[in-house]
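Below: one structure, written as structure tokens.
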Amino acid sequence: MSVFKKLFQQTFIYGLATVLPRALAIVLVPLYTSVLAPSSFGIYATLMSYIILGNVLLSYGMETAFFRFINKDDSKKGIVQSTALTSLTVTSFLFFAITFLMKDSLAIWLDFKPEYILYALLILLLDALVVLPFVWLRANEKPMRYAVIKILNVCVNLGANLFFFLVLPELAESNSESFWASIFSEENKVVYVFISNVIASGFTLLLLLPLYLKIKFGFDKTIWKQMLKYAFPVLIAGIAFSINEAFDKILLKYLLPENIAEKEVGIYAACYKLGVFMTLFATAFRLGIEPFFFNHAGHENAKNTYATITKYFTIFGSFILLFVIVYIDFFKQLLISDSQYWEALWVVPFILLANLCLGIYHNLSVWYKVTDKTKYGAYISIVGAIITLGVNFALIPIISYKGAAIATLAAYATMMFLSYFYGKKHYRVPYDLKKIGGYVVLSVLFSGLVFYRFDRNIYLGTALLLVFLFVVIVLEKDDFRRILKK
């Protein structure tokens, strides 16, 4: 069980690096929904969706390729690191130079103000330049440094947002002739969201610049080609994932009537944030487990270990799903104080369940990563993207954001099942399907009863939550005892 102890320790630290910054960032949700109209929040959500896609394109799968190649041959670890760093740095600056020259055309095409496009390009450049340093920290098992920098990034972002939205208006009002008044805009407050992101991303790059000197620039054409070959399916999968994760907001903007589109995007994106708890857990778990999957692949009991880890993930994920649904009225008051956003609460169970399916998928995806069959990850993700686009195009014009939520769940659930069935053929892992499926079904059943049938009755919900915990304790008591003893 020592391997689990190490895994949980690293997952806790990476979880801290993910959960604590996101917990601080959660403060921004009630801030944004209190100072921005739903239409302005919709602008923010849509542009950030484009940035998600841009981040994938600019990293082009190099993170996963980096992990794989530094573990293949210790003698080539240095040149692998420097080749990856050089590749990402050159392509990032090249991308920025080209798109900067095209920013006005992009603004017209995407229907945004040119200044929004400029800030988006700066965010993309700065974020791309820290990809490799962050991956290097994970690969070299420096989770604390990784965590501290991630936390500082969000603290700076949070501080900048608080200044622009709370302090700057007071400074501008106190003296209409001051410098602060000259940079304050009551009608264009959403721009401060993007400026805050630029400041935070720039600060993070400054903290990570010493790693550029440590890793150093260098280039090996042969290794670079091998890494690109390995990374290309990961890139395709990443593009498909970004479609699944972000294109619902983009399609809402362009498929709905212009007079309601940005408002619908805004209320949907705000309620989508209530799924953050599942996202935090799944992301933290994935960050901790991805290096573990590669490092543990050669062990004799690797498959049994993977199966056990997936079961534990499902238990915690199913509990989080039910917990958030039971206490959803508390969370909505905490995160979204403006009641005009609550109209879209219907989507929350779908988003939570979709993210649980995505988390299970990441656990199941170990088979194609450790066997170098990353092309299957691309195939599966493409199927998910096709489902996302197809269901969104079919349902958004009819039922608006409800269609977007249904599409997200349909895509991630399909990807989860496809990964399992393909994995059985290529790298059979003895998953305990009865327990894994049972926990998910029980959580979904209880969540549906509480949310849709009994109108979020907190007393019934709490009782069902305790029943779920009782079932888990009874079925897993022997494993829990062994882990606690270790």
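The values are calculated or read from the model by the stated rules, or taken from the named source; none is laboratory data. This one's a predicted model, so the numbers in the text were calculated from it and none came from an experiment. Neighbour counts run over all protein chains shown; Cβ positions are idealised from the backbone, glycine included. For the accessible areas, the whole protein counts, side chains as well, though only heavy atoms, and no ligand, DNA or RNA atoms are used. Shrake-Rupley method; radii C 1.70, N 1.55, O 1.52, S 1.80 Å.
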Fully extended contour minus Cα-Cα distance, from Cys155 to Ile458, at 0.36 nm per residue: 105.7 nm
Scan the chain and report its longest stretch carrying no GluC sites (Glu not before Pro) that are both in a DSSP loop and have at most 15 other Cβ atoms within 10 Å. 301-486
How far apart, in nanometres, would the label points at Val148 and Lys424 be if each is projected 7 angstrom from Cα along the Cα-to-Cβ direction? 4.9 nm
Go from 0 up to the bin containing the longest alpha carbon distance in segment 349-486, width 10 Å each, and give me the % of pairs per bin. 11, 30, 32, 22, 5, 0
Quickly work out the Lys225-to-Ile398 label distance, labels modelled 7 Å from Cα along the C-beta direction, and quote it in nm with one decimal. 5.1 nm
Quick tally, 1.4 Å probe accessible area for Val265, Val148, sorted with the most first, runs Val148, Val265
Fraction of accessible area attributable to carbon and sulfur, the chain (%, probe 1.4 Å): 66 percent
Spacing of the two label points (7 Å from each Cα toward its C-beta) at Lys214 and Ile183, in nm: 3.2 nm
Measuring with a 1.4 Å probe in the full set of protein chains, what accessible area per residue, in whole Å², belongs to the chain? 44 Å²
Considering the Cα positions of segment 355-429, please state its Rg to one decimal place and its Dmax as a whole number of Å. 13.6, 43
Any idea what log10 I(q)/I(0) is at q = 0.18, 0.20, 0.22 Å⁻¹ for segment 21-122, Debye with uniform C-alpha scatterers and no solvent? -0.96, -1.04, -1.12
Estimated FRET transfer efficiency (Thr371, Asn140; beta-carbon r; R0 30 Å; 0.05): 0.75
Farthest toward positive dipole pole in the chain [+1 Lys/Arg, -1 Asp/Glu at C-beta], among Phe232, Trp367, Val193: Trp367
Chymotrypsin sites (Phe, Trp or Tyr not before Pro) restricted to DSSP loop in segment 201-276 with at most 15 other C-beta within 10 Å: Phe217, Phe219
Run through all the Cα pairs of segment 71-150 and give the fraction in each 10 Å bin from 0, expressed as whole percent. 16, 34, 27, 17, 6, 0
Sort Trp367, Trp346 by heavy-atom solvent-accessible area, probe 1.4 angstrom, most to least. Trp346, Trp367
If you wrap a convex hull around the C-alpha atoms of segment 425-486 and split its volume per residue, what is the figure in Å³? 115 Å³
For segment 37-190, just the Cα set please: Rg and Dmax, both in angstrom. 19.5, 64
Leaving ligands, DNA and RNA out of it, work out the accessible area of Leu466 with a 1.4 Å probe and give it in Å² to the nearest 10. 110 Å²
Can you report the principal axis dimensions of segment 391-438 using only the alpha carbons, biggest first, rounded to whole angstrom? 43, 24, 8
Given unit charges at Cβ for Lys, Arg (+) and Asp, Glu (-), the dipole magnitude of the chain about its Cα centre in debye, nearest 20, is 2460 debye
Counting just the Cα atoms, what span does the chain cover along each of its three principal axes? Round to the nearest Å and put the largest first. 71, 62, 43
Arrange the residues Arg68, Arg481 by how much accessible surface each exposes, largest first, with a 1.4 angstrom probe. Arg481, Arg68
Place +1 on the Cβ of every Lys and Arg and -1 on the Cβ of every Asp and Glu in the chain, take the dipole about the Cα centre, and give the residue among Met144, Leu118, His426 whose Cα lies farthest towards its positive end. His426
Are there any trypsin sites (Lys or Arg not before Pro) in segment 188-250 that are in a DSSP loop and have at most 15 other Cβ atoms within 10 Å? List them by number. Lys216
Given a cut-off of under 8 Å on Cα pairs at least six residues apart, what relative contact order in percent is computed for the chain? 23 percent
